[in-house]
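Worksheet: the structure to be examined is printed underneath.
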Amino acid sequence: MTTKNILVTGGAGFIGSNFINYILSRRDDYVIVNLDKLTYAGNLENLKPSEGKKNYHFVKGDITNNELVDYLFKKHSIKYVINFAAESHVDRSILGSEIFYKTNVLGTAILLEAARRYEVEKFLQISTDEVYGSLGSTGLFTELTPISPNSPYSSSKAAADLAALSFYHTYGLPVVVTRCSNNYGPLQFPEKLIPLMIINAIGNKKLPVYGDGLNVRDWIYVIDHNKAAELVFDKGLPGEVYNIGASREMTNIEIIKLILSKLGKGEELIHYVKDRPGHDRRYAIDSSKIRNQLGWLPEFKFEDAMNNTINWYLANRIWWERIISGVYQKYYNEQYNNR
Ligand code: NAD
Ligand code: TDX
């Protein structure tokens, strides 16, 4: 069996851990080295289904650590990279941007340089629809929409995308970029809209709605995103960008009311608060390129996937209570500092 040695970065976060668990449940030909810094958003609990597999290795470390990255490429004969690692929360980027530019831009550049030195055969940069900026009430983002990011987070992701594409144009590095819309599903850190609203509603706490609640996001179930990422990794053409989205636009207030009704809670928990500075009004993805050229289609119905998600948070209270109380972080700090 020919194997593919893949460096997956940020694989202890929401999308990366779902990706690794999904891929390793079906493929023996992929050897995955998961490099993750275990920031507040990284959690090894997420990777329980993959732990102990012969073709899975975890390394705690930072993608901005040049020496470590070089060592891992050499040690594991890395020929493929999938870069999920990022600081991913817009609100945090508004509070302080430095770590966003460090991890998202410099970290990606360091991975690209290593990929060039070791002549990797595919470099998949996991990006976001937020690089396109904000839409009015009509229109969709296509791959040809000009990049126009509005937050420190999205500008750092845009810079990373452009760096990746420049390595294709300049050095012929086989880079592909995916730009996906808002994800939801199990294992999402409870700072993002959907998990935050679910756990606040479960605890009868206030649900903070930014501004008028009418901002629109285009929602996709995390497994549909990961299937698309796998397809682009296998079949995407070097130098190309692929948008990923499931065409499920919702206003934030619609999502919040849906969560409340599914949990049998009253709308008195809704609490309108000051708007996010620079808050993008609407995101909506045209994913016809990946559908027509690679044959991808989202498989999960929004209603079913939202039910799965809400049920997962109801059934995994210990997971999110430990996150909120900082138990995991304390454990990782102690475990890794003692080595
Ligand atoms: P997340 O915040 O849940 O996870 C990020 C992971 O990266 C964590 O495990 C963290 O420990 C790790 N990490 C952070 N800095 C690192 C560093 N310097 N070195 C190594 N590891 C580091 O994020 P997510 O929601 O899973 O997003 C994953 C990727 O997908 C990101 O690149 C994000 O921009 C992109 N994306 C996210 C969404 C979404 O809706 N969540 C949508 C489109 C694209
Ligand atoms: O408490 C809240 N109240 C609220 O009204 C939070 C956390 C969010 N919101 C609003 C802001 C947005 O309009 O909900 C919407 C979604 O917010 P987030 O979950 O923070 O996501 P968003 O800002 O859209 O960015 C997300 O999608 C693209 C991810 O965080 C990014 O990593 C991804 O690239």
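The values are calculated or read from the model by the stated rules, or taken from the named source; none is laboratory data. Model, not experiment: these values are computed from the prediction. Glycine also receives a Cβ, built like all others from the backbone with ideal geometry; neighbour counts cover every protein chain displayed.
So, restricting to helices (runs of 4 or more DSSP H) that lie completely within segment 1-105, which ones have at least 2 residues that are within 24 Å of Pro149 (Cα to Cα)?
Helices (runs of 4 or more DSSP H) meeting the threshold: 14-24, 90-95.
Given the criteria more than 26 Å from Trp219 (Cα to Cα) and not in a helix (DSSP H, G or I), does Val120 qualify?
Working: more than 26 Å from Trp219 (Cα to Cα): yes; not in a helix (DSSP H, G or I): yes.
Judged against the criteria, Val120 is a match.
Provide a single number: the residues in segment 62-80 that are of a type outside the set (A, V, I, L, M, F, W, C), crowded, with 18+ Cβ neighbours inside 10 Å and under 21 Å from Asn337 (Cβ atoms).
2
Among the residues of segment 123-141, write down those that are within 14 Å of ligand 1 (Cβ to nearest atom) and either in a helix (DSSP H, G or I) or in contact with a Lys or Arg (Cβ under 7 Å, 6 or more places away or on another chain) (or both).
Residues satisfying the conditions are Ser127, Thr128, Asp129, Glu130, Val131, Tyr132.
How about segment 181-203: which of its residues are among the aliphatic types (A, V, I, L, M) and assigned to a loop (DSSP other than H, G, I, E, B)?
Answer for segment 181-203, where residues must be among the aliphatic types (A, V, I, L, M) and assigned to a loop (DSSP other than H, G, I, E, B): just Leu187.
Need pairs with beta-carbon distance below 9 Å; first residue on the phi > 0 side of the Ramachandran plot and within segment 131-147, second at pLDDT 95 or above and of a type in the set (Lys, Arg); sequence gap 6+ or separate chains.
The qualifying pairs are Gly139/Arg282.
A quick yes/no check of all residues on (1) outside any loop (DSSP other than H, G, I, E, B); (2) in the same structural domain as Leu135 (by TED's automatic domain parsing); (3) more than 9 Å from ligand 2 (Cβ to nearest atom):
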residue: Lys205; (1), (2), (3): no, no, yes
residue: Gly213; (1), (2), (3): no, no, no
residue: Ile255; (1), (2), (3): yes, no, no
residue: Ser261; (1), (2), (3): yes, no, yes
residue: Lys265; (1), (2), (3): no, no, yes
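Would you pick out the residues in segment 102-127 that are surrounded by fewer than 22 Cβ atoms within 10 Å (Cβ to Cβ) and more than 15 Å from Leu35 (Cα to Cα)?
Scanning segment 102-127 gives Lys102, Val105, Leu106, Ala109, Glu113, Arg116, Arg117, Tyr118, Glu119, Glu121, Lys122.
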